[in-house]
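Scroll down for the structure; my scribbles are underneath it.
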Amino acid sequence: MEKNLNLNLKVWRQKNADDKGKFEEYKVNDISTDMSFLEMFDVLNSQLITEDKDPIAFDHDCREGICGSCSMHINGRPHGPKHAVTTCQLHMRSFNDGDTIVVEPWRAAPFPVIKDLVVNRSAFDRIISAGGFISINTGNAQDANAIPIPKDDADEAFAAAACIGCGACVAACKNASAMLFVSAKVSQFALLPQGQPERHQRVSEMVAQMDLEGFGACTNTGACSAECPKGISLTHIARMNRDYIAASFAANEK
Amino acid sequence: MNWVIKMFSSSLGQKFIMALTGLFLCSFLIVHMIGNLQLFKADDGLAFNTYAVFMTTNPLIKLTSYLLYFSILFHAVKGILLVVKNNKARPVKYAVQNGSANSHWTSRSMGILGTIILVFIIVHMKNFWFEYKFGHEIGYTSYYTNLATGETGSKEMSADYTQFNKIEEGMTADEKGQYRLVIVKDLYKAVALQFKEWYLVALYVLCMFAVAFHLYHGFQSAFQTLGLNHSKYNGLIKFLGIWIYSILLPAGFAAMPLFFFFK
Ligand code: HEM
Ligand code: SF4
Ligand code: FES
């Protein structure tokens, strides 16, 4: 068994949206390398509770990499040093004994801090409401495979649909741009027959909402995709750019 | 028209402008390089000077050059406005940010690299374009080409020689044979003289690094912005971006001041 870790933590503490906030330093000892990063935070929080201090607020739910809520900017990278994992999937064996770990919330104007490491990501929800859906009449479910879909398209759409809305793309981007998230949500429908009727309207309205929320523009640095826990590819951004041009040229609006 | 304005004022549309103007500037760099290669010709500048006249008088090229000036201004202003807008999207910065873990530094420095290029363009246009078109410093040189032997000789015209046209062509003869005579505004000499100044040479060489790094990211980025991302062609785009735009062209442009400095 590997040696347990003693760690120094510098964690962003902020009482509420209006508080200025500051870093607090903590020590945690005897952390098992098999723990996840969130479990290490659980240890720290129980320590704080026994000391009668306010535990650190952080978002978490599934703890298996599918809900996208565990937003933490760890040592300068969203979800820490490992590739394609969320914070809940990050194991403490990725750190060394005696390390100092700096933990900050996502930083973006459209993601205001609610408390400590918890940010408000409803901007993403509003972008989805603007067009990230398909309108269907309810009724009997269609037979599976009734609509032929090329395998490559189905795979691409599935890859896009793997986006868990965690916001790491925004957090990693130097412009706090939401292009990777929005493009994944545009692509997952743009590639499938069911998405065609609203294809142009969808991309126009989702982009309009994205701009309204105050996300930055895209510089194609690729930081988003490199930090995305689901490996969403930049090709989706290119597809969204294409679709947006096509939608602008083809729209009935004069 | 509404939809055009709406498209180009969205965050995506603003990037379309950057990409379209950027690629137009990229295409200009090729033309500029091919023309300027004539500086290396050992003819005292006859070919280069004749070319300069052509470039400043041909109506089609004049029209394109106005589009070019406009593109440079638009690209620079829009670029800086985008940097400002993008900074506003993150009002509180990270205490620790490990950018090199997920992106190339050139892609994160487009604004500063562009600003260096802008300073360069201003100095460059002032020294050559403005002086050539509006200045009084650049004199005339006459070139005699012996029609039988092809040998060329040149002689500077006296400082008070001026003419409306930048070029006069004619024939002359002496006991050695017939000559084609060209009297032309001598931009070549202005280039040769300026590049004897070490600080200008240093500025040019340094700025070509900025061009190289700007285009190392910029060239391929423009295709992505316009939605032209396809696994079949990405390799070619990357290849051109690296070899043509961040190695060959900047090295070629940097070679010009160095050539005259050490000549
Ligand atoms: C030789 C001159 C220049 C060429 C060939 C050039 C070319 C390009 C290209 C191809 C791009 C990529 C566009 C995209 O990502 O879609 C770009 C981006 C950019 N350029 Fe230039 N550029 C030049 C000069 C300048 C100048 C003078 C400035 C500003 C002062 C500038 C500022 C920028 C900025 C800020 C970007 C990044 C925009 C963004 O992605 O947010 N460039 N340039
Ligand atoms: S694109 Fe990736 S990083 Fe962005 S929200 Fe979706 S899963 Fe998270
Ligand atoms: S807690 Fe659900 S992805 Fe991490």
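Can you tell which of B:Gln194, B:Gln224, B:Gln220 is among the polar types (S, T, N, Q) and either within 27 Å of B:Phe261 (Cα to Cα) or not assigned by TED's automatic domain parsing to the domain that holds B:Lys133 (or both)? Answer to the selection: B:Gln194. When we screen B:Ser142, B:Ser100 for residues that are away from ligand 1 (no atom under 16 Å from the Cβ) and either free of Cβ contacts under 8 Å to residues at least 40 places away in the same chain or touching a His at 6+ places or on another chain (Cβ under 6 Å) (or both), the only hit is B:Ser100.
Checked against (1) more than 14 Å from chain A (Cβ to nearest Cβ); (2) over 30 Å from B:Leu181 (Cβ atoms); (3) free of Cβ contacts under 8 Å to residues at least 12 places away in the same chain, B:Ser71 passes all but condition (3). With the structure loaded, tell me whether A:Gln14 is modelled with pLDDT of 95 or more and away from ligand 3 (no atom under 13 Å from the Cβ) or whether it fails that test. Spelling it out, A:Gln14 is indeed modelled with pLDDT of 95 or more and away from ligand 3 (no atom under 13 Å from the Cβ).
The residues listed here are A:Ala190, A:Ala171, A:Ala184, A:Ala226; of these, the one that is more than 21 Å from B:Asn234 (Cβ to Cβ), more than 16 Å from ligand 1 (Cβ to nearest atom) and not aromatic (Phe, Trp, Tyr) is A:Ala171.
Every residue, every condition in (1) farther than 21 Å from A:Asp243 by Cα; (2) crowded, with 20+ Cβ neighbours inside 10 Å, yes or no:
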residue: A:Ala109; (1), (2): yes, no
residue: A:Pro112; (1), (2): yes, no
residue: A:Phe158; (1), (2): no, no
residue: A:Cys173; (1), (2): yes, yes
residue: A:Gln194; (1), (2): no, no
residue: A:Pro197; (1), (2): no, no
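Contact map, the range A:145-156: first residue assigned by TED's automatic domain parsing to the domain that holds A:Ser187, second residue surrounded by 10 or more Cβ atoms within 10 Å (Cβ to Cβ), Cβ cut-off under 6 Å, separation 6 or more or different chains; pairs are A:Ile147/A:Pro193; A:Asp153/A:Leu191; A:Glu156/A:Leu191.
Looking at the range A:169-226, which of the residues that are of a type in the set (Ser, Thr, Tyr) and under 25 Å from B:Tyr216 (Cα atoms) is farthest from the other protein chains (Cβ to nearest Cβ)? So, considering only residues that are of a type in the set (Ser, Thr, Tyr) and under 25 Å from B:Tyr216 (Cα atoms), the one farthest from the other protein chains (Cβ to nearest Cβ) is A:Ser183. In the set (1) touching a His at 6+ places or on another chain (Cβ under 8 Å); (2) more than 14 Å from ligand 3 (Cβ to nearest atom); (3) among the hydrophobic types (A, V, I, L, M, F, W, C), the condition left unmet by A:Leu44 is number (1). Could you please let me know if A:Phe133 is part of a loop (DSSP other than H, G, I, E, B) and in contact with a strand residue (DSSP E or B) (Cβ under 8 Å, 6 or more places away or on another chain)? When the stated conditions are applied, A:Phe133 does not pass them.
Condition test on A:Gly216, is it in contact (Cβ under 8 Å) with a residue 24 or more places away in the chain and either out of contact with any helix residue (DSSP H, G or I) (no Cβ under 6 Å at 6 or more places or on another chain) or of a type in the set (Phe, Trp, Tyr) (or both)? When the stated conditions are applied, A:Gly216 does not pass them.
Within the range A:234-248, does at least one residue satisfy the condition of being facing chain B (nearest Cβ under 7 Å), away from ligand 1 (no atom under 16 Å from the Cβ) and closer than 22 Å to A:Gly195 by Cα? There is at least one residue in the range A:234-248 that is facing chain B (nearest Cβ under 7 Å), away from ligand 1 (no atom under 16 Å from the Cβ) and closer than 22 Å to A:Gly195 by Cα. Against the criterion of being under 20 Å from B:Gln97 (Cβ atoms) and either free of Cβ contacts under 8 Å to residues at least 12 places away in the same chain or among the hydrophobic types (A, V, I, L, M, F, W, C) (or both), A:Val85 qualifies.
Only helices (runs of 4 or more DSSP H) whose full extent lies in the range B:1-59 are considered here, and the ones with at least 2 residues that are surrounded by 15 or more Cβ atoms within 10 Å (Cβ to Cβ) and away from chain A (no Cβ under 14 Å) are B:11-36, B:46-57. In the range A:138-254, counting only helices (runs of 4 or more DSSP H) that sit wholly within it, the ones holding 3 or more residues that are closer than 22 Å to A:Phe111 by Cβ and away from ligand 3 (no atom under 16 Å from the Cβ) span A:179-190, A:199-213, A:223-227, A:235-250.
Among the residues of the range A:41-59, those identified as assigned to a loop (DSSP other than H, G, I, E, B) and surrounded by 19 or more Cβ atoms within 10 Å (Cβ to Cβ) are A:Ile56, A:Phe58, A:Asp59.
One residue alone among B:Gly218, B:Gly227, B:Gly252 is within 14 Å of chain A (Cβ to nearest Cβ), small (Gly, Ala, Ser) and closer than 16 Å to B:Cys207 by Cβ, and that residue is B:Gly218. Looking at this structure, is B:Ala89 within 16 Å of ligand 2 (Cβ to nearest atom) and at the interface with chain A (Cβ under 10 Å from one of its Cβ atoms)? Here the answer is yes, as B:Ala89 does meet what is asked. Scanning the range A:43-74 for residues that are small (Gly, Ala, Ser) and either more than 16 Å from ligand 2 (Cβ to nearest atom) or at pLDDT below 95 (or both) yields a total of 2.
So that you can scan it fast, the table gives a plain yes or no per residue for (1) under 24 Å from the mean Cα position of the chain (by Cα); (2) among the small types (Gly, Ala, Ser):
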residue	(1), (2)
B:Lys85	no, no
B:Gln97	no, no
B:Ser103	no, yes
B:Arg108	yes, no
B:Gly139	yes, yes
B:Thr149	no, no
B:Gly170	no, yes
B:Lys185	yes, no
B:Ala192	yes, yes
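Conditions tested, residue by residue: (1) more than 15 Å from ligand 1 (Cβ to nearest atom); (2) more than 17 Å from A:Gly222 (Cβ to Cβ); (3) not in a helix (DSSP H, G or I).
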residue	(1), (2), (3)
B:Gly170	yes, yes, yes
B:Leu193	yes, yes, no
B:Val201	yes, yes, no
B:Tyr204	no, yes, no
B:Phe213	no, no, no
B:His217	no, no, no
B:Gly235	yes, no, no
B:Ala254	no, yes, no
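Scan the range B:104-114 and tell me whether some residue there is assigned to a loop (DSSP other than H, G, I, E, B) and within 14 Å of chain A (Cβ to nearest Cβ). Checked the range B:104-114: at least one residue is assigned to a loop (DSSP other than H, G, I, E, B) and within 14 Å of chain A (Cβ to nearest Cβ). Going through the range B:26-45 one residue at a time, which ones are modelled with pLDDT of 95 or more and hydrophobic (A, V, I, L, M, F, W, C)? Within the range B:26-45, B:Cys26, B:Phe28, B:Leu29, B:Ile30, B:Val31, B:Met33, B:Ile34, B:Leu37, B:Leu39, B:Phe40 meet the criteria.
The values are calculated or read from the model by the stated rules, or taken from the named source; none is laboratory data. Remember, it's a predicted structure, so these values are computed and weren't measured experimentally. In this analysis, Cβ positions are derived from the backbone assuming ideal geometry, glycine residues included, and neighbour counts consider all displayed protein chains.
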